[in-house]
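What follows is calculated from the coordinates using simple rules that are stated; it is not laboratory data. Remember, predicted model here, so these are calculated numbers, not experimental data. Every residue, glycine as well, gets a Cβ built from its backbone with ideal geometry; the counts of neighbours run over all protein chains shown.
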Amino acid sequence: MNLGDIPRRNAHRHADKPALVTPAGEWTWAQLNESVNRFAHFLLGAGMKKGDRLAILCAPCAEVVIAYFAAAKAGVVIVPIHTGLVEREVGFMLKDVGARMLLIESERLSGMRASLTEHATLEHATLEHATLEHATLEHATLEH
């Protein structure tokens, strides 16, 4: 069993029991599993492959939990990036780890555009919306 199997197994055993409770809302195991599956399919549909790196630059929230489970289910490696880093440091990390995609809160995106579009190793950055249940996160597909 891997991390990505936990929502599925618990959805089967405890479908209507709370899995995740936050100030923004509550997910049952069935809802969490559905959100995880939807985001795992999004990752794969966006071209992510087993072993690719997904950088996450977000404050702790339910959507980050969903992203962790979904990445594990899809075989994608999570690279957490500390939210206290400055843009230059984030750019270095994205290059250093070879991230193919960055998940970032919409509010943080404007301060990171230069790292995504001007960093020497990034040839192309495409920004789109990815909605995870209660919040909209931005993702950037990074092509080296």
Problem - P(r) tail fraction, the range 13-107 - alpha-carbon pairs more than 21 Å apart, % - result: 37 percent
Exercise for the section: Would you mind putting 101-111, 66-76, 9-19 in packing order, based on average other-beta-carbon counts within 10 Å, highest first? Expected result: 66-76, 101-111, 9-19
Fill in the blank from the handout: Stretched fully, the stretch from L3 through K95 gains (0.36 nm per residue minus C-alpha distance, one decimal, in nm) 30.5 nm
Handout entry: Whole-angstrom gap from the range 28-70 to the range 74-94, using each part's C-alpha centre
Key = 16 Å
Practice task
Can you put F39, F92 in order of Cβ neighbours within 10 angstrom, beginning with the fewest?
Solution key: F92, F39
Problem - Within the range 67-84, backbone nitrogen closer than 14 Å to the virtual label 7 Å beyond the Cα of E107 toward Cβ - result: 83-84
